[in-house]
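Please read the structure below before turning to the comments.
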Amino acid sequence: MIPFIDLKAQQKLIRNNIDKRIKKVLDHGQYILGPEIKELENNLKSFAGCKYVLCCSSGTDALLLSLLGLKIKPGEGVIVPAFTFASSAEVMPLLGAVPIFIDVKLDTFNLDPTKLNDAFETAEDMGIKVRGIMPVGLFGQPAEMDLINDFAKKNDLWVLDDAAQSFGGKHRDKTVGNLSEATATSFFPAKPLGCYGDGGAVFTNDKEIYEIAKSTHTHGMGKNKYEYSRIGMNARMSTIQAAILLEKLAIFPAELNKRQIVADNYNKNLSISNLNIKLPLVNKGFRSSWAQYTIILPESVDRDKLQKYLKSKNIPTAVYYPIPLNKHKPYNIYPVSKSGLEVTNFLSKHVLSLPMHPYLKEDEVKYITGHLSDFINKQ
Ligand SMILES: Cc1ncc(COP(=O)(O)O)c(C=O)c1O
C-alpha cells in the first residue's frame, strides 16, 4: 500500500539526530519545561516572524489557550467555518461561547469573506455579541486574512487563525503565525510539522495574550509556582516532543518545497486528462503547506466506489470532511449564517484527499492519478 502519509521515510533521514536529542533529554531529566521547550519556542518565533510563541499539549489546547488569552466570555460568539475538523468549533462551547457557522469558498475550501457580514448579522439578530472570527487554513493554505482582518477591524473583532493544517503556509509577504491577533497550530504526527505524540503552539505579537495563555497552561500560575492568578489547566508540551520537533523543524523548509513539487505533479497529471476534476486553488501570492492534496470529484462519480477501487490498487484515500460540523448532534444547536452553507454541503459530498507527503515519488503520483483517471473515464 502506498502510505497516505509516510512518516517512516522522514524518520530514516533524521533518526540519528532524533536519537541524540532524546538521549540528551534522558540525560538531563527535565521532562517538563526542559531547555528544549525554550529552544523550540525561539526557533518557531524566528520561523514565523512573531514576538511570542507558547508550546503546548495539542492544537486543540492551543485554540483553547488562545481564546482564553483573547478573553472570550460565556455567551459571546465566534464565527467559524462549518467545513473543518471538530476542534475548530468545540473549543467555543467548552468555554461557554457560541460558534456561528459560516460557509467556505469552493476553490480554496476556506472561509468566504464575502459572507462574513451575513454571519455577523445572524448572530447579532439572535442577541449574540460576536467577539471574533476563527478562519481555518484548511488543507494547508491560509484563509484570505487581509479581507478577514479588514472586516474584523471595522466591527471591532479579533481574529484567531486555526493554523493546525496551514503552519508553514504564507499569505503574501507574511508567514502563518503572524497573520492575526493569535494563531494556533497542531503538531499532531500527521500534520506538516508533526511530533511523535500530541503537541501544539500559540503564536502572537500581543504580550497579554501570551501571558494569559502561558499562565493558563500551567494551572493559572502567577509569579511563583504555588501562587495562582487564574483558573488554569495542564497544557504543557513534553520536553521529549520539543526535542523531536527541533530536528523536524530543521528540515521543514526543505519538506515544504518537496510538498509543493508533489502538488505540482498532481496538478500536472490531473489537469491534462479531461477528467472534470476540480483541483485545489492556491491564491496568487499565497503558499500552502499542503497538509492535504484534496480534489473535488465530478458529481457523477460515486465516491465510495472510487475509494474502494483505489484501495484495491493499494492507494489509500480519505474524506475530509464527510459531514459538515453543524450537522453533528452536539453542534446542531448553534447558529448557521443566514446565507447558508451551500458550498460546505456540496464539498462534504464530493471532496477526496489523495496521499500527500514530502517523499511521495513522481512515479507514485503517476500511478495514483493513472488509476483515478481510469476509474473516472469508465464512468
Ligand atoms: C483544522 C484543525 N484544527 C484543530 C486541530 C486540532 O489539533 P490537535 O489534534 O493537535 O488537537 C486539528 C487537528 O486535526 C485540525 O485539523
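For the chain, the square roots of the Cα gyration tensor eigenvalues, ordered a ≥ b ≥ c, give a/c of at least 1.5 with a/b no greater than b/c, which places it in the oblate category. Restricting region 193-243 to trypsin sites (Lys or Arg not before Pro) that sit in a DSSP loop and have at most 11 other Cβ atoms within 10 Å of their own Cβ leaves Lys223, Lys225. Normalised by the number of residues in the chain, the average gap of Cα pairs under 8 Å and 6 or more apart makes the relative contact order 23 percent. A cut-off under 12 angstrom between Cβ atoms defines the neighbours of Ala123, and their net charge, with Lys, Arg +1 and Asp, Glu -1, is -2. Taking a ≥ b ≥ c as the square roots of the eigenvalues of the alpha carbon gyration tensor, region 327-367 is prolate, as a/c is not under 1.5 and a/b beats b/c. Just report the Cα centroid separation between region 352-373 and region 317-348, whole Å. Rounded to whole Å, the Cα centres lie 28 Å apart. Filter the trypsin sites (Lys or Arg not before Pro) in region 276-342 to those in DSSP coil with at most 10 other Cβ atoms within 10 Å of their Cβ, and list the result. Passing both the DSSP loop test and the Cβ count: Lys284.
For the chain, what does the helix formula give at 222 nm: sum of -39500 (n - 2.57) over DSSP H segments with n ≥ 4, over the residue count, nearest 500 deg cm²/dmol?
-13500 deg cm²/dmol
Under 5 Å from the amide H of Tyr228 lie the amide H atoms of Gly222, each residue being 5 or more positions distant or on a separate chain, with H modelled from the backbone and absent for Pro and chain starts. Close amide H contacts of Glu181 (hydrogens built in the peptide plane, cut-off under 5 Å, sequence separation of 5 or more or a different chain): Val159. For region 343-373, the list of trypsin sites (Lys or Arg not before Pro) that fall in a loop by DSSP and count at most 14 other C-beta atoms within 10 angstrom reads Lys361. Comparing Gly199, Gly96, Gly168 in a Gaussian network model of the chain (Cα springs below 10 Å), the most mobile by mean-square fluctuation is Gly96. Separation of region 1-35 and region 208-258, taken as the distance between their Cα centroids, equals 18 angstrom. Among Ile209, Ile231, Ile323, which one shows the highest mean-square fluctuation when the chain is modelled as a Gaussian network with alpha-carbon springs under 10 Å? Most flexible of the set in this elastic network: Ile231.
Neighbour counts of C-beta atoms inside 10 Å place Val104, Val319, Val282 in the sequence Val319, Val282, Val104, starting with the fewest.
In order along region 53-69, the Karplus-derived 3J(HN,Hα) couplings, from 6.51 cos²θ - 1.76 cosθ + 1.60 at θ = phi - 60°, round to 9, 10, 6, 8, 7, 5, x, 5, 5, 4, 5, 4, 5, 5, 4, 5, x Hz, and Gly and Pro are given as x.
Extension gain for Leu7 to Ile333 (0.36 nm times residue separation, less C-alpha to C-alpha distance): 113.5 nm.
Every number in this text was worked out from the coordinates using simple rules, so none of it is lab data. Note that the structure is a prediction, hence the values are computed from the model and not measured. All Cβ positions, even for glycine, are placed from backbone atoms using ideal geometry, and neighbour counts span all protein chains on display.
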